[in-house]
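All remarks here apply to the structure that follows.
Nothing in this text is a laboratory measurement; each read-out follows from the coordinates by a stated rule. Predicted, not measured: the structure shown is a model, and the values here were computed from it. Quick reminder, even Gly has a Cβ in these numbers, built from the backbone with ideal geometry, and neighbours come from all protein chains shown.
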Amino acid sequence: MAGHDDRYVEITTRLRSVRSFCDFLSQGGAVRIASSDGGPWKDVTAALLERNRREAEALARTRRHLYPEFADEDVAPPLYSRH
């Protein structure tokens with residue numbers, strides 16, 4: 001995987017982030033938007049959850065395709081390369 005570490009970490013980090021957001025929404029989180037300042041709020045939680053689930057599936061497919069030997073790992077990348 002040498003030379004591909006940054007891309008793998010990028011995909012894995014984004015995948016983890018999207019999955020965490022989906023978990024938040026699935027556990028009762030809500031997203032509401034207003035079409036204009038002072039306008040009525042519209043709940044877009046269901047649409048946003050579906051879009052993020054599709055993104056997570058696409059990221060997982062990409063990771064499986066590019067890094068088949070590491071695709072199912074969910075190892076946290078190190079925060080620091082050295083101490």
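Applying the Karplus relation 6.51 cos²θ - 1.76 cosθ + 1.60 with θ = phi - 60° to the stretch 57-68 yields 3J(HN,Hα) values of 5, 5, 5, 5, 4, 4, 5, 4, 5, 7, 9, x Hz, where x marks Gly and Pro.
Label-to-label distance for LEU66 and ALA30 is 3.7 nm, based on points extended 7 Å past Cα in the beta-carbon direction.
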